[in-house]
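The values are calculated or read from the model by the stated rules, or taken from the named source; none is laboratory data. Note that the coordinates shown come from a computational prediction; the quantities given were computed from them, not determined experimentally. Counting neighbours? That spans all protein chains shown, and the Cβs are built from the backbone with ideal geometry, glycine included. Quick note on the areas: whole protein, heavy atoms, side chains included, nothing else; ligands and nucleic acids left out. Shrake-Rupley method; radii C 1.70, N 1.55, O 1.52, S 1.80 Å.
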Amino acid sequence: MWTCPLCEREFTATNQVHSCRDRELSEALSGKSPHTVALFDHLVDEYLQIGPVKVYPTKSMIALGAKVNFAYISQLGKNFIDVVFPFKQAYDDNLCFSKIKQVPGTNQYNHYFRMYFKEDINDEVRKYMRMAWGMGA
């Protein structure tokens, strides 16, 4: 593990490109509806049942990680949250992702999940959450 001397965040790669201007979680959630904050909290709680999770609020998103980041909250809407799971292959046979898109020039496929209700995290979603967490552990 490499620790950035400026922000003291740990990374698996030495001199990992990142922003040391990360913000506080309270700032990232400020002004969001109670429903949206409850969805975010529920997502983190579900991940904590899988294993240890670190929450990294950045300027444009909130990353979830263990040793490496494994999921990203890309949008905190009025009544939903958008979560992106990066995988090394496309998992097309599912009912939970609204979009799967390859990152140009890479072998990474971003899987987009929109959560409106706590119940949207079902067994299928938990399966992909476990897979993503396992890649970051």
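Among the residues making up region 55-64, a single one is surrounded by 14 or more Cβ atoms within 10 Å (Cβ to Cβ), over 8 Å from the mean Cα position of the chain (by Cα) and free of Cβ contacts under 8 Å to residues at least 24 places away in the same chain: MET61. Just one residue in the set LEU39, LEU76, LEU95 is farther than 16 Å from MET129 by Cα and at pLDDT 95 or above; that residue is LEU76. For LYS88, indicate whether it is touching a strand residue (DSSP E or B) at 6+ places or on another chain (Cβ under 9 Å), among the charged types (D, E, K, R) and open to solvent by 80 Å² or more (accessible area, probe 1.4 Å). The answer is yes for LYS88. Within region 111-129, the residues that satisfy the criterion of being in contact (Cβ under 8 Å) with a residue 40 or more places away in the chain and surrounded by 15 or more Cβ atoms within 10 Å (Cβ to Cβ) are MET115, ILE121, ARG126, TYR128, MET129.
On the stretch given as region 23-36, residues that are surrounded by 10 or more Cβ atoms within 10 Å (Cβ to Cβ), part of a loop (DSSP other than H, G, I, E, B), under 18 Å from the mean Cα position of the chain (by Cα) and modelled with pLDDT under 95 total 1.
Take LYS78 and tell me if it is open to solvent by 90 Å² or more (accessible area, probe 1.4 Å) and under 27 Å from ALA28 (Cα atoms). Yes: the conditions hold for LYS78.
This table checks each residue for (1) free of Cβ contacts under 8 Å to residues at least 40 places away in the same chain; (2) among the acidic types (Asp, Glu); (3) in contact with a helix residue (DSSP H, G or I) (Cβ under 9 Å, 6 or more places away or on another chain); (4) open to solvent by 30 Å² or more (accessible area, probe 1.4 Å).
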position	(1), (2), (3), (4)
ALA66	no, no, yes, no
LEU95	yes, no, yes, yes
GLN102	yes, no, no, yes
GLY105	yes, no, no, yes
TYR109	yes, no, no, yes
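Note on region 40-116: enclosed strands (runs of 3 or more DSSP E) holding 3 or more residues that are not charged (D, E, K, R) are 54-57, 62-65, 69-76, 81-87, 109-115.
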